[in-house]
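**Student:** Provided herewith is a single structure, encoded as structure tokens, for subsequent inquiry.
The values are calculated or read from the model by the stated rules, or taken from the named source; none is laboratory data. Because the structure is predicted, anything quoted here is derived from the model rather than measured. Cβ atoms come from the backbone with ideal geometry, glycine included; neighbour counts cover every protein chain shown. Remember, those area values only see protein heavy atoms, side chains included, never the ligands or the DNA or RNA. Shrake-Rupley method; radii C 1.70, N 1.55, O 1.52, S 1.80 Å.
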Amino acid sequence: QVQLVESGGGLVQPGGSLRLSCAASANIFSINTMGWYRQAPGKRRELVAHITRGSSTNYADSVKGRFTISRDNAKNTVYLQMNSLKPEDTAVYYCNTYPPTTAGWGQGTQVTVSS
């Protein structure tokens with residue numbers, strides 16, 4: 001069964017905003033730090049941000065001040081609010097636990113930032 005489902009990606013112009021959602025199983029969500037990752041063509045997958053069960057957050061330097069990760073424990077959902085988007089943010093975005101598990105990688109959601 002699918003335990004992590006990403007949604008919310010799309011095409012936006014530079015400077016625009018987008019909010020990604022990741023619906024997780026309660027089993028995963030309740031005990032793990034959750035993270036957002038991204039992978040652009042020709043690049044390795046990188047950690048964008050992560051959030052603990054207690055909602056402590058950390059961000060990659062490249063997105064600090066622009067992205068906000070949050071979680072809704074009642075909904076078993078983690079979000080990534082992306083503001084001031086840049087073309088270099090274009091990638092497939094994934095959620096997974098942090099540290100990630102191989103089985104946790106889903107289809108991801110495509111974010112394209114282009115004018």
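**Student:** Need one word for the chain: rounded, prolate or oblate. Basis is the Cα gyration tensor (sqrt eigenvalues a ≥ b ≥ c); a/c below 1.5 gives rounded, then a/b vs b/c decides.
**Tutor:** It comes out prolate by the Cα gyration axes.
**Student:** Still on this structure: Take peptides 92-101, 21-30 and line them up by average Cβ neighbours within 10 Å, highest first, as a rough protection proxy.
**Tutor:** For the peptides 92-101, 21-30, the packing ranking is 92-101, 21-30.
**Student:** Could you tell me which of rounded, prolate or oblate describes the stretch 63-115, using a ≥ b ≥ c as the square roots of the eigenvalues of the alpha-carbon gyration tensor, with rounded for a/c under 1.5 and, failing that, prolate when a/b is larger than b/c and oblate otherwise?
**Tutor:** In terms of gyration-tensor shape, oblate.
**Student:** Would you calculate a helix-derived [θ] at 222 nm for the chain, using -39,500 (n - 2.57) for each DSSP H run of n ≥ 4 and dividing by the full residue count, to the nearest 500?
**Tutor:** Values: 1 runs with 4 residues, N = 115.
So the helix-based figure for the chain works out to -500 deg cm²/dmol.
**Student:** Okay, moving on. Using a ≥ b ≥ c from the Cα gyration tensor of the stretch 1-65 (square roots of the eigenvalues), is it rounded, prolate or oblate, where a/c under 1.5 gives rounded and otherwise the larger of a/b and b/c decides, a/b for prolate? Walk me through the numbers before you get to the answer.
**Tutor:** Details: a/c = 1.72, a/b = 1.41, b/c = 1.22.
Prolate, because a/c is 1.5 or more and a/b exceeds b/c.
**Student:** Defining a contact as two alpha carbons under 8 Å apart and six or more residues distant in sequence, what relative contact order in percent does the chain show?
**Tutor:** Normalised by residue count, the contact order of the chain is 37 percent.
**Student:** Now for a different question. Once you have the Cα-Cα distance between S25 and S70, take 0.36 nm times their residue separation minus that, and quote the gain in nm to one decimal. List each step's numbers first, then the result.
**Tutor:** Numbers: separation 45, 0.36 × 45 = 16.20 nm, distance 1.63 nm.
Taking S25 through S70 to full extension adds about 14.6 nm, to one decimal.
**Student:** Compare R66, R45, R53 by solvent-accessible area with a 1.4 Å probe and give them largest first, with all protein chains kept in place.
**Tutor:** My answer, sorted largest first, is R53, R45, R66.
**Student:** Once phi is turned into θ = phi - 60°, what whole-Hz ³J(HN,Hα) does the Karplus curve with 6.51, -1.76 and 1.60 give for every residue of the stretch 10-23, x standing for Gly and Pro?
**Tutor:** Per residue, the Karplus-derived 3J(HN,Hα) values read x, 9, 9, 7, x, x, x, 10, 7, 10, 9, 10, 9, 8 Hz.
**Student:** Could you size up the charge dipole of the chain around its Cα centre, putting +1 on the beta carbon of Lys and Arg and -1 on that of Asp and Glu, and report it in debye to the nearest 20?
**Tutor:** Dipole of the chain, to the nearest 20 debye: 80 debye.
**Student:** Taking springs between alpha-carbon atoms closer than 10 angstrom, which of D72, D61, D89 fluctuates most in the Gaussian network model of the chain?
**Tutor:** D61
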